[in-house]
Every structure is written in C-alpha cells, then in structure tokens.
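Accompanying notes for the structure given below.
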Amino acid sequence: MMFFRFHDTPFDAGAARLELLDASAGGYASFEGWVRDHNEGLAVTRLEYEAFEDLAVKEGERIVREALQRSPIKHALCLHRVGELAVGDLAVWVGVSAAHRGEAFDACRYIIDEVKHRLPIWKKEHYVDGNSGWVNCEGCAGAPRHAATHVHARDTHE
Amino acid sequence: MSSEVAPIYGLILAGGASARMHRDKAALAYLGKNQLDRAYELACRHVPRVFVSVRADQVNEPTRAQHPLIVDSIAGGGPIVGIRSAFSAMPQAAWLVLACDLPFVTDAVLDHLVISRDPAQAATAYRSAHDGLPEPLCAIWEPAAAALLESYEAGGHSCPRKFLTNHRVKILEPLDKRALDNVNTPAEYTQALESLEAARPTDRMRIKVHYYALLREQAGRSEEILDTAAATPADLYAELNSRYRFSLPREQLKVAVNTEFSEWSRMLTAGDSVVFIPPVAGG
C-alpha cells in the first residue's frame with residue numbers, strides 16, 4: 001500500500017477515506033488543510049505548491065510508517081496537492097483508522113505535523129497587492145529560526 | 001628513553017642539475033603549475049612546515065626564492081647533502097624528503113607514508129617498483145639517521161638509496177607502480193604530461209543539480225549539468241552561490257544527494273544528482 005501521494009489536480013477526500021475501511025476499526029480521524037485568504041496580515045488570492053516529489057514521497061511514506069509503528073492504528077494515508085490552488089481549495093488530507101479514537105487522533109496529528117516540517121514542499125503565496133513570496137524563505141532570511149514554532153506561526157490553516 | 005616522537009617537516013629537493021632535461025626541472029609545469037610549487041603544496045597538506053632544499057647558487061632563482069629554503073652546506077653534493085643540511089638546520093626534526101621531479105606522487109602516497117611511519121627506524125620508505133630497493137627521495141628520515149649519514153659520507157659514500165639498503169628502515173609496498181616514477185628527460189616529461197592530462201577529468205566531476213522554489217527562480221532554471229571541482233555539497237553550494245547570488249545562506253538549507261537527505265560534507269562522485277532544499281512549507 002502507498003501511504004503518501006501527490007495530486008496535481010483536486011482530489012476526492014471521500015474516496016481516499018474508503019481506502020482506510022477495516023472491520024476491526026472502531027474509529028476514523030482526518031485532517032484537511034485548506035487555502036486561507038490571509039497570512040501574516042496580507043490578503044492571499046491564490047497559492048502555488050511545488051515539491052521535490054521523489055524525495056517527498058519517500059519521506060512521506062516514512063512518516064506514515066512511523067505513525068503505524070508508534071501506536072496500534074489500522075491504516076493511514078496522506079494526500080498532498082501541488083500546482084495552483086485557489087482560496088478554499090483542499091491542500092492536504094490525512095486519514096487514520098484505528099480500533100479506538102485516541103490512537104486515530106494522535107496518529108493524524110503526528111502525520112500532519114511531521115509532513116509540515118520534513119517534506120520538501122514549498123508554498124508561494126500571491127497577494128491582493130500583486131506581490132508574491134515563498135513562505136518561510138523570504139523576508140526572514142538571516143532571522144533566527146525555530147522550525148516548529150515558526151512553521152506553525154505562518155500556517156495557512158490552523 | 002624519551003617518548004617524544006620527532007615532528008615531521010617537509011624537505012622538497014630542488015637542487016638537482018637537471019642535466020638530462022636540459023632545463024630546470026623545478027620549473028617544469030604540469031596542469032598549469034610548476035612541479036616545485038606542486039610538490040611544496042602537496043607536502044604542506046601533510047606536515048606543518050616545509051622547506052625547499054637548494055644549492056647556494058640557487059637562492060635567488062625566482063621559482064625557489066618564494067619558499068623557505070635550506071641551503072646545501074657544501075657545494076657539488078647530491079641529494080644526500082640536502083638531507084644532511086636539513087638535519088644540521090633542525091636536528092630535532094624528522095624529514096619527509098620529497099624530490100620535486102615525482103609528478104605522480106599524490107596525497108594518498110604521502111598520507112600512507114606519514115601514517116605508516118616508524119620513528120624507531122632510521123627511515124620509512126617505499127619499495128621501488130623498478131628495482132625493489134628502498135626509494136630515498138619520497139621517504140621519512142628520522143633524526144637518528146643524521147649521525148649515521150655523517151659516518152656513511154665519511155666512509156666515502158654518497159648514494160642515499162644504498163644508505164637505506166644498509167640501515168634499519170621500515171619498507172612500505174608502493175600503492176601504485178608508477179607513483180614514484182621520476183622524470184629526467186624531455187621524452188619522459190612529454191609522457192608524464194600526457195598521462196596527467198588524460199587523468200585530469202577525474203579532478204572535475206559531472207554533477208546534476210535540480211532547483212526548486214526560490215532557488216529555481218534565483219538560478220533562472222530548474223536543472224543543469226555541471227562539470228565541477230567541488231568535492232562536497234557544501235563546496236558546490238558555495239560555487240553556485242557565487243554565480244547566482246542566492247538570498248538564502250547555506251545554514252538555512254538542507255541538501256539531498258541522489259534523492260536522499262545528505263550531510264553537507266559527504267564526498268560527491270561523478271553522476272550524483274544534488275538538490276538544495278530551502279526552508280519547507282508543506283501542509
């Protein structure tokens with residue numbers, strides 16, 4: 001089974017959920033990341049996602065395998081968009097099935113957090129004023145970085 | 001007995017008459033560098049201090065004069081006078097003696113010599129691939145050899161190879177049959193030059209680089225194939241940064257080699273594919 005995939009066009013989260021069904025699973029948790037219309041005080045009109053796909057798929061698979069080893073979940077899957085996205089579009093989806101809800105929530109959280117920090121994926125925001133910029137790469141070059149808090153602070157959808 | 005091991009200094013022999021070459025051997029160039037400078041720089045990578053051994057009438061010759069010199073104590077002697085003059089100048093040191101006319105000696109040859117050194121012997125030397133005898137002019141001579149050399153010369157001898165044959169010496173097998181070949185005639189020089197030129201592409205490697213996101217925009221391309229002398233991803237980023245003036249310092253990046261995260265200090269090999277990874281923003 002593949003645990004991580006890229007899509008360069010909109011994908012159906014409902015269909016992805018079906019891949020996680022299991023008679024021994026009593027719960028299912030998912031996370032959806034959507035394109036938000038603002039970031040750091042700027043009005044966002046659209047986004048571009050770009051990925052080093054060969055390495056990102058490898059690392060994404062590793063993250064989901066880690067989640068499967070950390071807690072007794074049944075199945076897990078993560079899908080990520082690349083290309084042009086509009087406000088409101090689905091950018092990333094994580095689904096986990098497990099015997100009990102606690103493991104499902106925990107694994108879902110683990111996967112999305114690790115995906116954000118580890119996968120070679122970049123996001124370019126286009127703003128209402130016509131400017132654009134690569135998130136985490138511009139305006140703060142040379143500033144001290146703390147990966148976890150920094151990424152979350154600039155998150156488009158939390 | 002003192003447990004102090006003598007420090008090793010370098011002695012590049014450049015006092016030869018170059019009779020068969022019909023021109024000064026020290027000034028012969030290989031790959032754009034004269035062989036005295038080449039040997040000097042090579043030795044500097046393995047020992048803390050390096051001197052060039054010259055005859056008194058060579059001290060102002062420009063190729064030699066730019067280096068620290070040890071001048072022969074007597075005129076008209078061969079390499080053994082150069083070695084003995086070095087012991088007189090600094091009796092506490094062992095000497096990594098290297099003739100300047102050995103164009104095939106590499107870092108690996110000197111590294112193996114220094115690592116394998118036995119300070120309890122008079123010298124550590126390679127076995128010649130041609131006659132099986134110890135090679136005196138790419139060898140480490142210990143301070144204890146100084147007194148032995150004096151009595152050897154007093155007995156009317158001057159051949160350093162025979163000296164090593166008759167004294168306690170640690171012998172190393174050569175790493176490569178040709179490594180200690182010397183170059184004495186114009187024909188040998190032409191041959192050596194051709195062979196070093198032919199080997200040159202190994203200095204530069206063909207590496208493929210892919211660019212993503214901000215780096216792609218700043219490089220103005222998504223990929224390129226480079227012939228580079230960069231040994232590591234860190235060297236490669238420095239080279240590309242000087243060309244493209246990337247806004248991101250290396251400290252903010254990660255690097256992947258052949259589709260796997262890598263250390264910046266990993267040694268690159270020909271055909272590797274390298275990706276510099278700017279700060280990520282997935283999810």
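The values are calculated or read from the model by the stated rules, or taken from the named source; none is laboratory data. These numbers were taken from a predicted model, which means no experiment stands behind them. In this analysis, Cβ positions are derived from the backbone assuming ideal geometry, glycine residues included, and neighbour counts consider all displayed protein chains.
Conditions tested, residue by residue: (1) in contact with a strand residue (DSSP E or B) (Cβ under 6 Å, 6 or more places away or on another chain); (2) at negative phi; (3) among the aromatic types (Phe, Trp, Tyr).
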residue	(1), (2), (3)
A:Arg5	yes, yes, no
A:Thr9	no, yes, no
A:Ala13	yes, yes, no
A:Arg17	yes, yes, no
A:Leu20	yes, yes, no
A:Tyr28	yes, yes, yes
A:Gly33	yes, yes, no
A:Glu40	no, no, no
A:Val44	yes, yes, no
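Here B:Tyr237 clears all of (1) surrounded by 17 or more Cβ atoms within 10 Å (Cβ to Cβ); (2) within 12 Å of another protein chain (Cβ to nearest Cβ); (3) not in a loop (DSSP other than H, G, I, E, B) except the condition numbered (2). Within 14 Å of chain A (Cβ to nearest Cβ) and in contact with a helix residue (DSSP H, G or I) (Cβ under 9 Å, 6 or more places away or on another chain): does that describe B:Gly282? It is true that B:Gly282 is within 14 Å of chain A (Cβ to nearest Cβ) and in contact with a helix residue (DSSP H, G or I) (Cβ under 9 Å, 6 or more places away or on another chain). Scanning region B:24-53 for residues that are closer than 14 Å to B:Cys138 by Cα and either in a loop (DSSP other than H, G, I, E, B) or outside the structural domain of B:Ala14 (by TED's automatic domain parsing) (or both) returns B:His46, B:Val47. Just name the residue that is nearest to B:Leu196 (Cα to Cα) out of those in region B:67-85 that are part of a loop (DSSP other than H, G, I, E, B) and without any contact (Cβ under 8 Å) to a residue 60 or more places away in the chain. Selected residue: B:His67. The C-beta contact set for region B:107-120 (first residue within 13 Å of B:Ile8 (Cα to Cα) and in the same structural domain as B:Arg168 (by TED's automatic domain parsing), second residue assigned to a loop (DSSP other than H, G, I, E, B) and not polar (S, T, N, Q), distance under 7 angstrom, 6+ apart or interchain) comprises B:Leu110/B:His46; B:Asp111/B:His46; B:Val114/B:His46; B:Pro119/B:Val5; B:Pro119/B:Ala6; B:Pro119/B:Glu142.
Of the strands (runs of 3 or more DSSP E) that lie entirely inside region A:35-148, those containing 2 or more residues that are buried (at least 22 other Cβ atoms within 10 Å of the Cβ) and touching a Cys at 6+ places or on another chain (Cβ under 6 Å) span A:90-98.
Considering region B:40-60, the residues that are modelled with pLDDT of 90 or more and in contact with an Asp or Glu (Cβ under 8 Å, 6 or more places away or on another chain) include one that is surrounded by the fewest Cβ atoms within 10 Å (Cβ to Cβ), namely B:Ala56.
Residue by residue, here is whether (1) of a type in the set (S, T, N, Q); (2) within 14 Å of chain A (Cβ to nearest Cβ); (3) in contact with a His (Cβ under 9 Å, 6 or more places away or on another chain) holds:
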site	(1), (2), (3)
B:Ala154	no, no, no
B:Cys159	no, no, no
B:Thr165	yes, no, no
B:Arg168	no, no, no
B:Ile171	no, no, no
B:Leu175	no, no, yes
B:Met205	no, no, no
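Just checking, does region B:88-100 include any residue being touching a helix residue (DSSP H, G or I) at 6+ places or on another chain (Cβ under 6 Å), in the same structural domain as B:Ile115 (by TED's automatic domain parsing) and more than 23 Å from B:Leu164 (Cα to Cα)? Checked against the condition, which is being touching a helix residue (DSSP H, G or I) at 6+ places or on another chain (Cβ under 6 Å), in the same structural domain as B:Ile115 (by TED's automatic domain parsing) and more than 23 Å from B:Leu164 (Cα to Cα), region B:88-100 yields no hits at all.
Summed over region B:187-218, the residues that are farther than 27 Å from B:Ile277 by Cα and modelled with pLDDT of 85 or more give a count of 6. Considering B:Leu268, B:Leu253, the condition of being within 12 Å of chain A (Cβ to nearest Cβ) and at pLDDT 90 or above is satisfied by B:Leu253 alone.
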